[in-house]
Amino acid sequence: AKALGRANFQFFTEQLNRAVTERFQLEAKLRKAVASEEFELWYQPLFEPQGDVMAVCAVEALLRWRTIDGELVSPGEFIPLAEETGMIVQIGDWVIAEACRQLEKWHAGGLESLRIAINLSARQLRDKGLPLRVEQLMKQHGLGAGAIEFEITESSVMEEPTQAIAVLDALKASGASLSIDDFGTGYSSLSYLKLFPLDRLKIDRSFVSDIEHDANDAAIVGAAVSLAHNLGLRVVAEGVESATQLERLTHLGCDELQGYHLCRPLPAAAVERFLRDNPAP
Ligand code: C2E
Ligand code: CA
Ligand code: CA
Ligand code: CA
């Protein structure tokens with residue numbers, strides 16, 4: 001039993017060593033990526049029903065890491081590490097600047113009413129300098145009120161609510177709009193909804209994926225819609241993967257919809273082509 005214990009222990013330390021080494025290697029690669037800006041933004045449209053058609057009203061910026069070997073890494077694989085190490089602040093600044101630069105181009109090219117949604121992590125909500133940097137970027141790129149929206153999760157806001165409120169109030173004052181992302185998955189109390197200067201609730205995909213079959217999900221979405229509308233907020237449904245889901249969610253009163261069924265995330269040039277081929281009526 002002792003020998004076996006030792007063998008297990010050795011196995012365990014080998015695994016641990018490997019995990020630690022991999023983490024160090026990833027961290028070193030990510031630091032280089034930050035220094036040489038190996039990132040790109042992909043964009044996924046958000047639609048609103050206009051009569052019988054769905055019109056694009058916004059795009060969400062989604063971060064991608066293109067490594068020097070040309071490999072495309074999705075944010076799920078590096079954002080947690082970027083958050084732990086604090087690198088997310090610098091990466092996040094690059095995301096905001098790039099999104100503003102791109103939106104100015106799109107506005108100048110005839111897509112005047114397009115909005116860009118940008119994801120913010122908890123760490124960025126503790127950055128008191130962020131609102132001023134955002135205000136300067138908006139000014140520099142001629143972006144008016146509501147052109148930029150920040151998506152924040154319930155849990156990231158509740159980590160340090162007092163600090164987050166100060167940052168969110170200042171972001172809002174500089175003309176950005178605010179959306180609660182993944183609504184329904186995080187914090188169990190709804191009281192925070194009146195503490196933050198919100199514009200939209202984005203209902204999490206987990207309530208959408210089974211909405212045709214699960215009456216509870218439909219009830220939850222319906223309740224979220226009336227709660228949001230009573231608070232003067234608009235509702236976005238994410239993760240729409242089928243025509244039936246789209247129909248159900250529209251019927252339940254969702255104001256904006258997003259998901260693979262409508263359009264996948266695309267690189268800037270491809271999403272621009274999509275926007276021109278699908279002009280707002
Ligand atoms: P999220 O903000 O909830 O973004 C939605 C994710 O769902 C995206 O994954 C998107 O590609 C995917 N998605 C969109 N439509 C559908 C659908 O119909 N079905 C399914 N199954 N998935 C769909 P992605 O791009 O891999 O991003 C993952 C997460 O990484 C995001 O989740 C967000 O939390 C985070 N993230 C992305 N970009 C940034 C960023 O610039 N900064 C920060 N802090 N986080 C980011
Ligand atoms: Ca999001
Ligand atoms: Ca989301
Ligand atoms: Ca989600």
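Structure data summary
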item	result
Packing rank of 157-167, 173-183, where each peptide gets the mean count of other beta carbons within 10 Å, highest leading	173-183, 157-167
Cα-only Debye scattering, the stretch 232-275: base-10 log of I(q)/I(0) at q = 0.21 Å⁻¹	-0.71
The stretch 133-281 - convex hull of alpha carbons, volume per residue in Å³	136 Å³
Two-decimal Rg/Rh across the chain, once Rg and the Kirkwood Rh are taken from alpha-carbon atoms	1.02
Most to least packed among 217-226, 261-270, 146-155 [average Cβ atoms within 10 Å]	146-155, 217-226, 261-270
Projected area, mean over directions - the stretch 37-105, Cα convex hull, nm²	6.1 nm²
The stretch 164-281 - accessible surface per residue (Å², probe 1.4 Å)	46 Å²
Space enclosed by the convex hull of the alpha-carbon atoms of the stretch 42-150, per residue, Å³	132 Å³
Surface share of carbon and sulfur [accessible, 1.4 angstrom probe, percent] for the stretch 1-119	55 percent
Subset of 128/194; 32/172; 32/202; 32/105 violating a 31 Å alpha-carbon distance limit	32/172; 32/202
Alpha carbon Rg of the stretch 103-153, scaled by the compact-globule rule 2.2 N^0.38 Å	1.22
Backbone HN-Hα couplings from phi across the stretch 95-102 [Karplus 6.51/-1.76/1.60, Hz, Gly and Pro as x]	4, 5, 5, 5, 5, 5, 4, 5
Computed log₁₀ I(q)/I(0) - Debye formula, equal Cα scatterers, no solvent, the stretch 124-198, q 0.20, 0.25 Å⁻¹	-0.81, -1.16
Folded to 0 to 90 degrees: helix 161-173 orientation relative to the chain principal axis, Cα	40 degrees
Stokes-Einstein translational diffusion, the stretch 131-172 - Kirkwood Rh over all Cα pairs, 1.306 mPa s, 10 °C, in µm²/s	141 µm²/s
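The values are calculated or read from the model by the stated rules, or taken from the named source; none is laboratory data. Nothing here was measured: the structure is a model prediction, and the numbers come from that model. Using ideal geometry, Cβ is built from the backbone for each residue, glycine included, and neighbour counts are taken over all protein chains shown. In case anyone asks, the SASA skips ligands and DNA or RNA and just uses the protein heavy atoms, side chains included. Shrake-Rupley method; radii C 1.70, N 1.55, O 1.52, S 1.80 Å.
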